[in-house]
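Take a look at the structure set out below.
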Amino acid sequence: MSAPAFPAQPLDEKPSLIGLSREELGEALASVGVEKRQIKMRVAQLWHWLYVRGVADFAQMANVSRDLREKLSAAFTIARPEIVTEQVSVDGTRKWVLRFPAKGAGRPVEIETVYIPEEGRGTLCVSSQVGCTLTCTFCHTGTQRLVRNLTADEIVGQVLLARDRLGDFPDAATPAGAIVPSEGRLVTNVVMMGMGEPLYNFDAVKAALAVVSDGEGLALSKRRITLSTSGVVPMIEKAGEEMGVMLAISLHAVNDTLRDELVPINKKYPLKALLDACRAYPGLSNARRITFEYVMLKGVNDSLEDARQLVQVLRGIPAKINLIPFNPWPGSAYECSDWDQIERFADLVNQAGYASPIRTPRGRDIFAACGQLKSESERMRKKDRDSLEAARVTELAAG
């Protein structure tokens, strides 16, 4: 079902303070005249209001002087992303279509963010790009051309928006009838598994996850943050060293021939190189296993021989294998494996000593399930961008 429509709001083009490091926040304060000796204290105040209290309006920062609040409001924004639609699945999954300013793409862009409630946990699936370059054949997002990378504030903004809408900040109310964990925090886990390839937007994702995991703010443990990659091999070790979050690999095939078809980046970084990078992932241990995601495609990669080979190729890697029933989307060329075949596959992998949970399909009725995300944003042709810009200039001149 759909939540009520949201009124369109003007997109604020002032720079955002969301997603900045403490050092960058200090530089922003200095730019509006805050004295050097006060900056550390002011940074701590703002950090608390933004990430502990979750305010989206400078006027709510009660212990910040009115003069400073006015200066900050004139120069910066802390507004949330614009909600285009909010849909709630019959199983409680929530999907937001969010709109961001153009930032070079020619017009405002839209992405999707999904919240998945489960017993004892609430997982937020966050996007890192508008569209994707990888064209994985089973993934709906892969049919949308890359428009642009999201910025750190746009990535953190998805987390703040979700916590707002769920009532997950102090003194906030959870929506009536919402399916959420029965106690504790409502957003307990963040997975970089939404639209885009996170490792092709490394710097922004790194900055955003540093804010999300900061112990004095949003304070999500790095063990509750998972970054999923289709296999950008040169960036995997760097991600482990500089982000330190949990790693998931979008695997889906046990040989190069099939993976070349399903996950075309495999032609550049084949299985051996990918698995060698996984074995070298910093901090890898039985307590910090890599998750391998494996979508179950009927008659394509779901035979028991595939299961045996999967166990073989992952030999020696502390791992969990997530089996994902294929989520259909309009125009897809694949079918989901029969359920009893998925269970036979899982049993064989389990018998080899690997945890292999079958991921329960969530949010299928609102196209919020794994592999179904896609926004309407497409990159504009130069001619269209120039035409739009000319119209804006004319409108400003007339005003």
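Spin-label model, Arg308 to Asp57: label points 7 Å out along the Cα-to-beta-carbon direction sit 6.6 nm apart.
Past 31 Å, Cα to Cα: identify those pairs from Lys206/Lys298; Lys14/Lys267; Lys40/Lys206; Lys95/Lys320; Lys222/Lys272; Lys206/Lys320, in the order given.
Working: Lys206/Lys298 36 Å; Lys14/Lys267 42 Å; Lys40/Lys206 23 Å; Lys95/Lys320 27 Å; Lys222/Lys272 27 Å; Lys206/Lys320 24 Å.
Beyond 31 Å: Lys206/Lys298; Lys14/Lys267.
Per atom type, the range 177-305 shows carbon and sulfur on 49% of its accessible surface, probed at 1.4 Å.
Computed from backbone phi with θ = phi - 60° and the Karplus coefficients 6.51, -1.76 and 1.60, the 3J(HN,Hα) list for the range 253-267 is 7, 10, 9, 5, 4, 6, 5, 4, 7, 7, 10, x, 4, 4, 5 Hz; x is used for glycine and proline. Sorting the segments 33-45, 259-271 by their mean number of nearby beta carbons within 10 angstrom, highest to lowest, gives 259-271, 33-45. Under the criterion of Cα pairs below 8 Å and six or more residues apart, the relative contact order for the range 23-103 equals 19 percent.
How would you order 61-69, 250-258, 154-162 from highest to lowest mean count of nearby Cβ atoms within 10 Å?
Those peptides, ordered most packed to least, come out 154-162, 250-258, 61-69.
The magnitude of the dipole of the range 290-346, with charges of +1 and -1 set on the Cβ of Lys/Arg and Asp/Glu and taken from the Cα centre, is near 260 debye.
When the label point is put 7 Å from the Cα of Ala273 along its Cα-to-beta-carbon vector, which residues of the range 302-319 have a backbone N closer than 17 Å? No residue passes the distance filter. For Asp347 and Lys103, a Förster radius of 45 Å and the Cβ-Cβ distance give a FRET efficiency of 0.40, rounded to the nearest 0.05.
Listed values for the range 276-292 are Karplus-derived 3J(HN,Hα) couplings in whole Hz (6.51 cos²θ - 1.76 cosθ + 1.60, θ = phi - 60°), namely 5, 5, 5, 5, 9, 5, x, x, 5, 6, 5, 8, 10, 7, 8, 8, 9, and x replaces Gly and Pro.
Dividing the convex hull volume of the alpha-carbon atoms in the range 28-93 by its residue count gives 108 Å³ per residue.
Sorting the segments 94-101, 22-29 by their residues' average number of neighbouring beta-carbon atoms within 10 angstrom, most packed first, yields 94-101, 22-29. Between the residues Leu323, Ser303, Cys336, the greatest Cα displacement towards the positive end of the dipole of the range 283-348, with unit charges on the Cβ of Lys, Arg, Asp and Glu, is found for Leu323. For Glu82, the residues whose amide H sits under 5 Å from its own are Arg99, ignoring neighbours fewer than 5 places away on the same chain, with H placed 1.01 Å from N.
Amide H contacts of Gly122: Thr188, Asn189, each under 5 Å away and 5 or more positions distant or on a separate chain (H built 1.01 Å from N in the peptide plane; Pro and chain starts excluded). Kirkwood hydrodynamic radius of the range 195-330, from the reciprocal of the average inverse Cα-Cα distance over all distinct pairs: 15.7 Å.
The values are calculated or read from the model by the stated rules, or taken from the named source; none is laboratory data. For clarity, every value in this text was computed on a predicted model and none was experimentally measured. Using ideal geometry, Cβ is built from the backbone for each residue, glycine included, and neighbour counts are taken over all protein chains shown. Keep in mind that these areas ignore ligands, DNA and RNA; they rest on the heavy atoms of the full protein, side chains included. Shrake-Rupley method; radii C 1.70, N 1.55, O 1.52, S 1.80 Å.
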